[in-house]
Amino acid sequence: MMIPLRTLLCFLTATLLITGCASSGPAGPRAASLDLSRQPWFPPVTRQQSFSCSQQVAIYYLLTGEWNRARGQTAASPLRRFSPYFAYSLLAGDQTGRSHVVDGWIVAQEAGIPLEADCPRYSRTLMHGYDRYLRAMKHRVESWEVLAVSDEAGIARAKSLLAAKHLLACDFQIKGTALRPLPAGSAHAGQKIVQRWGRTGPGHAMVYAGYDDTIGFDSNGDGLITNDRDITGDGAISLADRERGAFLVINPWGGGWGDRGRAWAPYRHHAVSRWPWSRSVASVKAAAPHQPRLTLKLRLRAADRQNVIVTAGNGAGRTLQPWMFSHAPAHGGGGGNVWDAFTSLRAPGPHLSAGTLAAPGGGPLETGHDLTELGSGSSYTMEIRPAGRGALAGELSAASFMEYDPSGRLVREVPVAGLPVKLPAAGGLWRTL
């Protein structure tokens with residue numbers, strides 16, 4: 001049966017209206033504008049604590065968004081938002097230090113990440129409580145992608161990811177950033193646009209949650225908004241000369257910045273900024289739920305947590321160091337980009353930040369560690385030794401190996417014998433009964 005051309009065109013138009021936009025391909029998305037921050041799975045815009053911007057972006061915004069979107073659920077509850085402060089406390093200690101986006105994803109990949117209900121916002125200490133660690137183990141990062149955006153092809157790819165509802169992390173110097181309102185009569189008139197990013201100081205992680213190809217900004221002050229003129233004077237027309245088009249940026253500084261935490265960031269900034277991190281954006285993929293089969297439940301207090309290395313054995317010759325108490329570099333390469341290469345967890349050394357290992361009240365900290373890769377055994381061993389920073393000092397209060405079935409039901413708890421005990425200065429080896 002022949003279908004009239006007009007009928008076919010009407011059908012195709014209706015289909016695109018129902019689905020929201022055509023599927024993205026190599027040429028990029030067809031939609032001229034997009035705002036994912038209005039989606040119910042996008043977490044509320046909030047203000048970071050201290051220098052936690054990287055973990056706000058990596059964990060609170062991007063990982064939360066991916067997790068909720070895939071499950072068709074909202075981010076309205078602390079039970080539906082991942083806490084950035086678990087990773088930040090591991091990486092930054094008393095929360096005066098700095099971390100990086102990829103560091104947070106490594107933590108989530110290796111140890112899991114808790115929800116806000118278990119690690120509330122603005123938590124300033126290491127998380128305490130085995131059950132919280134056990135729940136965190138189930139939420140992991142599968143992978144991440146760092147994408148170069150210093151040319152038109154990179155910008156198109158970034159917009160394709162956004163059109164597919166993947167939030168992006170970006171990084172610019174923030175000190176000295178200038179915002180101004182878009183002029184009357186223009187797209188999004190009155191809303192803030194980034195006239196320029198900062199030029200000094202450290203970088204600042206933020207979120208791209210959309211874009212608009214119609215936004216224009218007269219970068220060179222010639223009274224025109226063009227994409228096809230050499231405004232930089234380098235003899236070529238490139239992304240650096242593009243005066244139309246901007247990403248929607250969400251700043252973890254909260255509602256006091258821009259328009260309730262939002263502003264528009266021109267595409268061209270990725271080509272003209274001298275900050276090396278600004279030449280890329282990154283996205284993350286959440287892993288399928290993970291069910292641990294063997295864990296270590298540990299109650300330990302130590303004067304220097306960076307001086308503690310724990311090794312677990314299954315009684316059959318296999319050993320494994322729980323990630324938190326290992327000094328081995330995180331697995332995987334540097335990825336050939338500054339985002340992946342410039343992370344402390346890729347280098348040998350302690351994964352924990354400096355400080356004491358203790359519960360908020362000063363007693364032993366109770367933690368949990370996934371040993372599934374170790375494999376179960378009829379008996380287990382646990383060795384604690386110093387990492388070469390002097391003698392151990394502290395208390396080993398209790399430890400148990402916990403075995404679970406595939407559904408997460410506890411099969412048996414195998415306690416370590418001879419505890420509690422003061423940590424021997426040179427370390428020691430303990431066995432289960």
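Coordinate-derived values only; no laboratory data. Here the structure is a predicted model, which is why all the values come from computation and not from measurement. Cβ sites come from the backbone with ideal geometry, for glycine too, and all protein chains shown count toward neighbours.
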Straight-line reach from K422: which lysines have a Cα under 19 Å away, not including same-chain ones fewer than 8 places off? K297
What is the ratio of the Cα radius of gyration of the chain to 2.2 N^0.38 Å, with N the residue count, to two decimals? 1.13
Most to least packed among 43-55, 131-143, 71-83, 419-431 [average Cβ atoms within 10 Å]: 43-55, 131-143, 71-83, 419-431
Let me know the shape class of region 291-431, please: from the alpha-carbon gyration tensor, a ≥ b ≥ c as square roots of the eigenvalues, rounded when a/c is under 1.5, otherwise prolate if a/b is greater than b/c, or oblate. oblate
Any chance you could check the Cα centroid distance between region 142-193 and region 39-78 for me, in angstrom? 18 Å
So if I take the centroid of the Cα atoms in region 284-339 and the same for region 359-412, what is the distance between those two points in Å? 11 Å
Taking 28 Å as the cut-off for C-alpha to C-alpha distance, list the pairs among K159/K285; K138/K192; K192/K285; K175/K285 that go past it. K138/K192; K192/K285; K175/K285
With a 10 Å radius around each residue's Cβ, average the other Cβ atoms per peptide and rank 229-236, 399-406, highest first. 399-406, 229-236
Provide the descending list of Cα extents for region 229-286 along its principal axes, expressed in whole angstroms. 40, 28, 18
Region 180-236 shape via C-alpha gyration tensor axes, a/c threshold 1.5: oblate
